[in-house]
Amino acid sequence: MASEYFDRARELRSLIDENAAKSDGLPIPQETVNALVDAELHKVMVPAAVGGIEIPVNECIDVWTEISRADGSVGWCLMASCAATAYFAAWCPDEHIERMFSDGVPLSAGQFAPNGTATPDGDGFRLNGRYSFGSGINHAQWAGAGVFTEEPEGVDPRFLFAIYPVEKAQITGNWDVMGLQATASYDYTLEDVYVPATSTFDMFDITVYRGGPLYQLGVMPLTAAGHAGFAIGVVQRGLDELHSVARSKHRMGDATPLAQNDRFVHEIGELESRFRAARGWLHDTFATAERNVVETGVVDPMDVILTRQATVFVTQEGADILRRAYLLAGTDALRSGGLQRAFRDIHAGTQHVFAGTGPALELGRALLDAAPDNPLDA
C-alpha cells in the first residue's frame, strides 16, 4: 500500500524532472533540495525518536523509487542521506543526538568505506583520510567517513563509522562522469578532524539506542534498500520513456508507429516481465527480512545476504533491460532526455559495491552449505 510519503514524492515528479532537464548535469538545484525537505522525504528512514518518520522499509523503497523515477541523481542523494542519517540516529548515544538533531533532521552525505584512520584523543578521535563519492555533500549539513582505529600492537583495529559537521571536510571536487552527474559526488579529505567517540559506531557491533526492530538489521540491509529504490525508479523511468517512443516513432519506411509492430511490442512485454519479476522479489525479500526481525528480535544472516543480492539483481537486471531499451529506441535514445539519463544513471549505479558480485557468492555458498545430500530431502 502506498504511503502518504509516496504520494508526496509523486507530487514532486514534475518539478524534479523539469529541474533536471534545465540543470543539464550540474549539481541538483537548491529548489529541488528544498522541495524534498519541505515534503519531509529526507526523514522516511530516520527513527521517530529524533523527529524522523520511521516508515516500513518497503515504503521507504517506494519513496526512493518515485524520486529516482523523476531523476536518478536526486533519488541517489536522497536515499544516501536517509540511510546515513538513520545510522547515527539509531546507533549513537544521546550525547550525539543532542548535537546532530538539535535543529531537526539534517541532510547527510559521505563515503563510509574505511579510507581513513581514527587516532584516539581523549574522549574521541582525530580523523585523517581521503574519500570519494560524497554524493550530495554540497547541500548536506553533516558528512560521514569510514575509518580504522589506530590500536596498540596486538590489538585489532575497529571499523568505525564517524560523522561530523560538513564544514570540517575539505571538498576537492573531481566529478566528471557519465552517469549520476547531478549527484555532485565530490572527493573530500579530512585532516586532523576531531570527532567525539559518541559520534561514531562500530560497523560490526552496533547498539540500537532508539527506533524499532528495523534498525537491528544493520548497515548492509539498510544501505541496500536505498540502492534498490534507486534502481527500480531509474529502470521504471527508462521503460516509461520507451513506451512513449513506441507510440510516436515510425521506423524508416513504416506507415505505422512501433506500437503497432508485434515484434517490438513483444520485446516491451519481455522487458516489463523481467523488470516486474526483479522488483517483486526485491520487495518480498525486504518484507520478509523486516517481518522476521520484528517477530524474533534476531537478525537472520540469510536475510542480510538475500536483501543484498536482491538489490544487486534488480540493479544488474535493470541495466540489461535499459541496454535493450536503448537499442529499441533507436536514435531517440541518443538525444538528451529521460531515456538517455536513465541509461547513464543505471550504468553508473552498477559500478557501486552494492551492485557487485559478493552477495551472489555468499548466497550460493550458504545455499550449498545448507543443502541436504539427497535433493528429495530439501
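The values are calculated or read from the model by the stated rules, or taken from the named source; none is laboratory data. Everything numeric in this text was worked out from a predicted model, so none of it was measured. Here the Cβ positions follow ideal geometry from the backbone for every residue, glycine too, while neighbour counts run over all protein chains shown. Areas reflect the complete protein model, heavy atoms only, side chains present, ligands, DNA and RNA absent. Shrake-Rupley method; radii C 1.70, N 1.55, O 1.52, S 1.80 Å.
Summary of computed values
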{"item": "Matching residues, segment 38-77, being open to solvent by 10 Å² or more (accessible area, probe 1.4 Å), assigned to a helix (DSSP H, G or I) and among the acidic types (Asp, Glu)", "result": "ASP38, GLU59, ASP62"}
{"item": "Long-range neighbours under 7 Å by Cβ, at least six apart or interchain, first residue in contact (Cβ under 8 Å) with a residue 40 or more places away in the chain within segment 65-76, second assigned to a helix (DSSP H, G or I) and among the acidic types (Asp, Glu)", "result": "ALA70/ASP17; ASP71/ASP17; GLY72/ASP345; SER73/ASP345"}
{"item": "Hits in segment 132-172 (condition: open to solvent by 70 Å² or more (accessible area, probe 1.4 Å) and in contact with a Ser or Thr (Cβ under 8 Å, 6 or more places away or on another chain))", "result": "PHE133, GLN141, PHE148, GLU150, PRO157, ARG158, GLN170, THR172"}
{"item": "Subset of segment 27-66 that is under 29 Å from ASP94 (Cβ atoms) and of a type in the set (Asp, Glu) - its residue that is farthest from the chain's Cα centre (by Cα)", "result": "ASP38"}
{"item": "Given (1) touching a helix residue (DSSP H, G or I) at 6+ places or on another chain (Cβ under 7 Å); (2) assigned to a helix (DSSP H, G or I); (3) open to solvent by 70 Å² or more (accessible area, probe 1.4 Å); (4) closer than 21 Å to TRP175 by Cβ, number of the condition ASN19 does not satisfy", "result": "(3)"}
{"item": "Near pairs, Cβ below 8 angstrom, 6+ apart or cross-chain, from segment 10-37 (under 29 Å from GLY51 (Cα atoms)) to any residue that is loosely packed, with under 15 Cβ neighbours inside 10 Å and among the acidic types (Asp, Glu)", "result": "LEU15/GLU31; ASN19/GLU31"}
{"item": "Candidate set from segment 258-285 (those that are among the aliphatic types (A, V, I, L, M), within 22 Å of GLY364 (Cα to Cα) and without any contact (Cβ under 8 Å) to a residue 60 or more places away in the chain); member that is least open to solvent (accessible area, probe 1.4 Å)", "result": "ALA278"}
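Yes/no matrix, rows are residues, columns are (1) within 16 Å of the chain's Cα centre (by Cα); (2) surrounded by fewer than 21 Cβ atoms within 10 Å (Cβ to Cβ); (3) at pLDDT below 95:
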position	(1), (2), (3)
ALA287	no, yes, no
THR311	yes, no, no
ASP320	no, yes, no
ARG324	no, yes, no
LEU327	no, yes, yes
SER336	no, yes, yes
LEU363	no, yes, yes
